[in-house]
Every structure is written in C-alpha cells, then in structure tokens.
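The structure appears right after this line, and notes come after that.
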Amino acid sequence: MEDRNEIRKITMAQFFPYIVRMKEENWRLVQICAVSVDDGKGYEMSYTFCNDPDYHMITLRVELGEGEEIASITQIYPCAFIQENEAAELFGVKINHINVDYQNKLYRIDVAAPFRKKG
Amino acid sequence: MAKRSIVPFGPQHPVLPEPVHLDLILEDETVVGAVPSIGFIHRGLEKLVEKKDYKQYVYIAERVCGICSVGHGIGYCEAVEKVMDVEVPTRADYLRTIWMELSRLHSHLLWLGLLADAMGFESLFMDSWRIREKILDMFEKTTGSRLILSVVCVGGVLKDVDSGMLNEILRVTEELKKEMKPVIDTFLNDYTVQSRLKGLGVMTRDQAVSAGAVGPMLRGSGEPYDVRALGYAAYKDLTFEPVTAQAGDAYARCEVRLKEILQSLDLLREAIEKIPEGPISVPVKGNPSGEYFMRIEQPRGEAIYYVKGNGTKFLDRFRLRTPTTSNIPPMVDMLKGCQMADVPVLILTIDPCVSCTER
Amino acid sequence: MEKTKVFTYAGTALKNLFRRPTTIGYPFQPVDYPERMRGHIEIQIEDCICCGLCMRSCPSSALKVDRQAGTWAIDRFDCVQCGYCVSVCPKKCLTMNKGYTAPETEKTWETFKKPEQPKTETAAAGGKPVMDPEKCVYCTLCAKKCPQGALTVDRKEKIWKLDSEACVACGLCASACPKKAIEMKG
C-alpha cells in the first residue's frame with residue numbers, strides 16, 4: 001500500500017475549523033508535536049490525524065510567533081489532553097483551556113520548559 | 001446518591017510492572033471516573049537528540065524502553081533514512097522484519113504472563129514466560145544481547161544472520177507453535193479466564209477511534225488498522241492481513257494478541273524462506289536535512305517517529321509518540337462503570353509501557 | 001471455534017509437576033553464553049593509537065582516552081554494551097566479549113596504559129597524513145575510508161584537503177592509498 005503521509009501548513013484562523021472538520025469526518029488523532037523554533041521564540045505545532053480505513057495520514061502544521069497562544073483541542077478531541085499537557089510543560093507552549101489541565105505537574109520536573117531552545 | 005470516595009491506585013501496585021498513578025473516583029464499588037498521572041520516570045531522552053549525533057542516537061532511541069527496544073531502533077532509523085533518501089538493502093529489511101516479529105512475540109508473551117498474573121493464574125504466567133525465554137535466547141544468539149539488540153544502524157543492520165541461525169529460528173518457531181497450543185487453549189476457552197475477561201471494559205469501534213486508541217485496543221474493537229499493511233521494511237513482500245476481533249472487551253483484546261502471536265510465527269517462517277542474499281548495509285554520508293513522520297507497528301500499536309534535521313549532524317527535534325500515550329485516554333474512558341476489583345486487569349489490557357510513554 | 005471448558009490447564013499443570021526444572025542451577029552450573037554475546041569490552045592496548053574516536057562516539061560517556069598519557073579508561077558500570085565503539089574503532093583493537101562485569105559496591109575506572117614502543121614503530125602511526133602531489137591520482141579512496149570525514153578530495157579540481165582538527169591520525173588513509181601517496185609524518 002502506498003504510504004500517504006502529508007504535511008499541510010495552515011494559519012491560525014483555519015486551525016479550529018479544520019479540527020472540527022477532521023472530527024466530523026471521523027479522523028483519529030494520532031499525535032501532537034511541538035517544536036521550538038527561532039531560538040525558543042516561536043513554536044511549530046503539528047497535529048497529526050489518520051483516516052484508518054485507507055491509512056491516510058495528514059499533519060496540520062500551525063506556526064506560533066513569540067508570545068502567541070493557541071486554543072486547546074480537548075473540547076473536540078478529549079483524548080488530546082496528555083499530549084497537550086506535555087507540550088505545555090516541556091516546551092512552554094501557551095495552550096488555553098485544556099480539559100484536565102495538569103498545571104505543569106504532569107512530569108514532576110523542577111525546571112520550567114526544559115525542552116525549549118535557549119536563544 | 002451513593003457516597004463518592006477517591007482511591008489512589010499505584011504508582012506501586014502488584015500488577016504494574018512500571019509506575020503509573022491513577023486517582024479512581026468511586027461510587028460504592030463502581031468506578032465513575034479516573035485521573036491518570038504519570039511522570040515518575042521521565043528522563044528527557046527526546047532532548048538528548050540535540051547533544052548526540054544522529055548515528056549515535058540510535059542507541060539512545062533503543063534504550064527508551066526495554067520491551068519495545070527493537071521497534072524504537074527500527075522506527076528511528078527508518079525515519080532518518082526517509083529524510084536522507086537512503087535505500088536500505090533488501091536483506092537488511094528482512095533482518096529487521098525478523099527481529100521485529102521476534103520482538104512482537106516476546107512482548108505479547110510477556111503481556112500474556114502479566115495478564116495471567118493479574119488474574120491470579122500463576123502457573124499460566126510461569127508457562128508464558130518460560131516460552132518467552134526461548135525467544136530471548138534466539139536474540140542472544142543472533143545479536144549478542146537479550147533485549148536491547150543494538151543491531152540496527154542508519155543504512156541497514158550491523159550483524160548478519162547466517163543460514164544456520166535462520167534455520168534455528170525456524171526450528172524455534174515450530175517448537176513455539178506446539179508449546180503455545182495449551183496456552184492459547186487456556187486463554188481462549190478456560191471458564192476461569194472467560195469469566196474474568198468477557199464483557200469487561202467494552203469499547204465500540206466508534207469509541208475506540210474517537211478516543212484515539214491504537215494497536216490491539218483498536219483492532220479488538222473491530223477496526224482493522226495495522227501499520228504493517230503499509231509495507232515498510234520487508235512487510236511489502238509478505239502476506240499480511242490485520243487481525244481483528246469484534247467484541248471490544250478485554251477478552252477480544254486478549255484474542256487479538258494471541259492470534260497475532262500465531263500470525264508472527266507465520267510471518268517469521270515466510271520471511272526466512274524469502275530472505276535474499278546480499279549486503280546488509282549501505283554507507284551513509286552527509287547529514288539529515290528535512291522532516292518526516294514515520295509510523296511503524298510496535299507490539300503495543302502504532303508508534304510515530306518524527307525526525308527534523310537541520311543539515312548538521314545533530315537533529316533539531318526527535319519526537320516519539322508511543323502507543324501507550326495514545327492508549328491512556330481510552331483506558332480512562334474504559335474504566336468508567338467498571339468494578340474496583342476489575343481495574344488491575346483492565347489497566348493491563350492496554351499493555352501499558354510507561355517508560356516509553358514518558359521517555 | 002470458541003467454547004467454554006473447565007480444567008483446561010490441569011493436564012499441563014500435572015505434567016509440570018513431574019518434569020525436570022526449566023531453569024538451571026546457576027551459579028553452581030555455569031551459563032553457556034552464545035558466541036556473539038555482548039558482555040564486556042576488551043582492548044588490545046598495543047594496537048590502540050589513542051585517537052579518541054570511541055570516547056566521542058560512546059552514547060553513555062563511559063570511555064576516557066588521554067592522548068598525551070597514552071591511556072584508555074573505561075567505567076564498566078556506565079557502559080551500556082551497545083558496541084558502537086567496537087564498530088567505529090579504526091584500528092579494530094576493541095572487541096566485545098562474553099561474560100558480564102562482576103558487581104561491585106562503587107563505580108570505578110579501569111585504566112589501560114599503552115606500552116612504550118620503540119621509535120621506529122611510532123613514526124609510522126604518529127603524525128597527520130601528508131600527500132605527495134606527484135603520486136596522487138585523486139581517486140578519493142582515502143576520503144571514503146576516513147572515519148572522521150576529515151579529508152576532502154575533488155578529482156576535477158585536483159584538491160586534497162585535510163581538516164587537521166578532525167583528523168585522529170589513525171593512518172587508514174595511508175594504508176588505503178593505492179599509489180602510496182600518503183605518508184603519516186605531518
């Protein structure tokens with residue numbers, strides 16, 4: 001079978017409608033990945049979804065500038081809570097309204113945002 | 001309304017091989033909610049990719065977890081190879097597949113033992129682990145190590161397996177087929193096991209998909225999603241059909257894993273018959289630049305390896321989304337409505353691998 | 001195909017009662033390790049050129065190489081037996097052998113010292129490569145063999161360049177050269 005595996009860059013305005021559409025079309029949330037870019041000033045957030053019957057995998061890529069915040073997708077995909085908490089705690093991404101927000105207590109570490117690149 | 005109480009479960013508990021903590025919200029004996037918390041063994045291995053070069057990191061990726069180790073090495077290498085456009089020799093692909101299937105066997109047998117132990121079926125537990133020992137011996141003979149093989153490298157594999165050893169693997173698979181019979185019979189048909197597992201923690205197909213379940217959790221609910229069907233490594237040349245069960249309960253998940261053991265034995269036989277002669281690795285020069293999301297099927301389910309290179313020998317980011325990370329939310333859903341006494345068995349049915357989850 | 005049985009396991013359990021144990025009586029009965037077993041690292045210190053490649057490759061920083069003193073040291077309890085040092089060693093003086101490190105109460109470094117060698121031999125393995133432009137055919141074989149990637153060879157432009165900081169003076173380029181154009185003397 002052909003490995004269909006694409007990355008789509010989307011803007012902040014498109015972000016929520018896209019996620020809602022994914023949910024309506026019954027895509028499974030595969031993973032959420034945060035990458036620290038520009039020496040820790042910005043982030044790249046990747047949300048990967050998979051359509052199980054045809055193994056099609058799509059990654060939605062949102063870029064966050066300095067100080068920019070992003071809304072949590074736990075309202076639509078409740079299962080995202082662990083990975084969103086992880087991104088918030090290890091990278092310091094500002095994610096609003098995570099349902100079951102662990103308040104940086106998921107990994108019991110002393111340092112704030114240890115995975116963020118220091119400029 | 002019944003009185004609510006909160007019972008802490010874990011991080012140290014007889015059924016848990018690794019530490020995970022749950023706050024169980026109970027109404028009398030019935031669980032109405034659960035809040036998982038992890039973070040007892042977080043080691044920050046993903047960050048280490050910025051300090052160790054990409055060829056060296058293979059050994060660290062393998063040490064994320066002891067049980068899924070083979071798969072982590074293969075997944076990471078395949079991701080880097082995709083980024084660097086490296087074509088791996090066919091023999092190396094086959095050897096990777098053989099080790100991957102052996103590791104699936106030993107992981108499932110380990111899980112069967114743990115499940116039997118959680119049910120209090122001690123002799124079945126011992127028997128599963130006795131059988132598993134043969135696979136570990138095969139690992140030691142072919143690679144030199146029992147769990148963390150360290151034979152995969154970017155561009156192929158490090159050690160060749162000669163035909164004598166391949167024949168020995170074949171002989172062991174035949175032996176296993178025979179020895180697995182009473183074990184499979186007991187797990188599937190025994191009255192005690194059935195009364196402990198049937199109708200427990202039922203998840204429908206839609207629930208499983210929307211909660212993001214992977215691996216035997218997803219297939220136990222009737223969704224035939226198995227990344228091996230995509231044909232990475234040598235799976236493209238092997239006859240492969242995902243194993244599913246329809247019921248969606250703990251028994252169905254056990255059934256899927258048992259059938260996967262038999263399927264792995266068949267895949268091993270086929271791979272050993274088809275393995276071509278040839279080189280086992282290609283030299284890799286240069287540094288990775290670009291990104292790729294690689295997915296492979298680990299014994300516990302789909303795992304994602306994200307690699308982002310910046311043209312230097314140190315990678316920018318390595319992300320490993322392990323199957324258990326995805327399976328914790330469905331587990332929490334599944335626990336709602338079950339009895340307190342069934343919680344240990346239910347937690348085990350997702351086959352939790354906590355050191356993978358926390359990395 | 002699915003049925004419910006009772007006493008499914010009774011037969012096997014009974015058999016197990018009268019069977020010889022599956023385990024062996026370790027430590028009274030010694031373990032038979034297979035040929036490829038990765039137990040611990042051994043070094044052929046006479047062949048070592050102290051290039052330090054193993055030290056830089058080690059994922060767990062369990063090796064220490066001192067070029068000046070001519071020593072090679074290992075912390076056996078930090079070593080994870082991955083075998084990466086064995087595969088990168090340009091002189092192939094490291095080997096993975098059978099048998100585990102015996103337990104101890106504290107971590108210790110085990111140091112090996114290179115024996116003093118007569119001058120004539122050290123001259124061959126000492127110093128960085130120098131190319132003789134009259135003999136060189138720019139075949140790039142030396143660059144391919146270099147474990148550090150320290151050599152850049154361009155056939156068209158007739159360039160042979162050495163990155164002397166990356167060079168570990170292992171002498172692999174000199175031994176690979178088909179025209180014997182490289183000498184280790186620089």
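Some values worked out for this structure:
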| read-out | value |
| --- | --- |
| Test set (1) surrounded by fewer than 22 Cβ atoms within 10 Å (Cβ to Cβ); (2) within 10 Å of chain A (Cβ to nearest Cβ); (3) of a type outside the set (Ser, Thr, Tyr) - residue B:358 fails condition number | (1) |
| Subset of region B:138-166 that is free of Cβ contacts under 8 Å to residues at least 24 places away in the same chain and not small (Gly, Ala, Ser) - its residue that is surrounded by the most Cβ atoms within 10 Å (Cβ to Cβ) | B:140 |
| Checklist (1) at positive phi; (2) touching a residue at least 60 places away in the same chain (Cβ under 8 Å); (3) not hydrophobic (A, V, I, L, M, F, W, C) applied to residue C:147, failing item | (1) |
| Selection count, region A:2-25, where residues are in contact (Cβ under 8 Å) with a residue 12 or more places away in the chain, closer than 18 Å to residue B:292 by Cα and either in a helix (DSSP H, G or I) or not hydrophobic (A, V, I, L, M, F, W, C) (or both) | 6 |
| Residue in region B:183-218 that is surrounded by the most Cβ atoms within 10 Å (Cβ to Cβ), counting only those that are without any contact (Cβ under 8 Å) to a residue 24 or more places away in the chain and within 14 Å of chain C (Cβ to nearest Cβ) | B:190 |
| Subset of region B:260-296 that is under 25 Å from the mean Cα position of the chain (by Cα) and within 14 Å of chain A (Cβ to nearest Cβ) - its residue that is farthest from residue B:234 (Cα to Cα) | B:291 |
| Residue tally, condition within 11 Å of chain A (Cβ to nearest Cβ) and surrounded by 16 or more Cβ atoms within 10 Å (Cβ to Cβ), over region B:48-77 | 2 |
| Number of the exception - residue C:85 against (1) more than 14 Å from chain B (Cβ to nearest Cβ); (2) in contact with a Leu (Cβ under 8 Å, 6 or more places away or on another chain); (3) over 21 Å from residue C:115 (Cα atoms) | (1) |
| Subset of region B:15-33 that is in contact (Cβ under 8 Å) with a residue 40 or more places away in the chain and within 24 Å of the chain's Cα centre (by Cα) - its residue that is farthest from residue B:352 (Cα to Cα) | B:22 |
| Flag for residue B:310 being in contact with a Pro (Cβ under 8 Å, 6 or more places away or on another chain) and either within 11 Å of chain A (Cβ to nearest Cβ) or hydroxyl-bearing (Ser, Thr, Tyr) (or both) | no |
| Cβ pairs under 8 Å, 6+ apart, first in region C:9-36 and among the small types (Gly, Ala, Ser), second surrounded by 10 or more Cβ atoms within 10 Å (Cβ to Cβ) | C:11/B:182; C:13/B:123 |
| Residues of region B:122-134 classified as more than 8 Å from chain C (Cβ to nearest Cβ) and touching a residue at least 40 places away in the same chain (Cβ under 8 Å), total | 3 |
| Condition check for residue B:212: modelled with pLDDT under 85, in a loop (DSSP other than H, G, I, E, B) and of a type outside the set (A, V, I, L, M) | no |
| Selection count where residues are over 27 Å from residue B:65 (Cα atoms) and outside any strand (DSSP E or B), scope region B:19-39 | 2 |
| Which listed residue is at pLDDT 85 or above and surrounded by 18 or more Cβ atoms within 10 Å (Cβ to Cβ), from A:62, A:20 | A:62 |
| Filter pass, residue B:232 being assigned to a helix (DSSP H, G or I), among the hydroxyl-bearing types (Ser, Thr, Tyr) and in contact (Cβ under 8 Å) with a residue 24 or more places away in the chain | no |
| Those residues of region A:19-60 which are among the basic types (Lys, Arg) and more than 10 Å from chain B (Cβ to nearest Cβ), in sequence order | A:21, A:41 |
| Residue match in region B:236-257 (condition: closer than 26 Å to residue B:91 by Cβ and away from chain A (no Cβ under 14 Å)) | no |
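Conditions tested, residue by residue: (1) among the β-branched types (Val, Ile, Thr); (2) within 19 Å of the chain's Cα centre (by Cα); (3) assigned to a helix (DSSP H, G or I).
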| residue | (1), (2), (3) |
| --- | --- |
| B:128 | no, yes, yes |
| B:131 | yes, yes, yes |
| B:142 | yes, no, yes |
| B:160 | no, no, no |
| B:167 | no, no, yes |
| B:172 | yes, no, yes |
| B:180 | no, no, yes |
| B:192 | yes, no, yes |
| B:195 | no, no, yes |
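The values are calculated or read from the model by the stated rules, or taken from the named source; none is laboratory data. It should be emphasised that the depicted structure is a prediction, and the values quoted were computed from it without experimental measurement. Because the Cβ atoms are built from the backbone with ideal geometry, glycine has one as well, and the counts that use them run over all protein chains shown.
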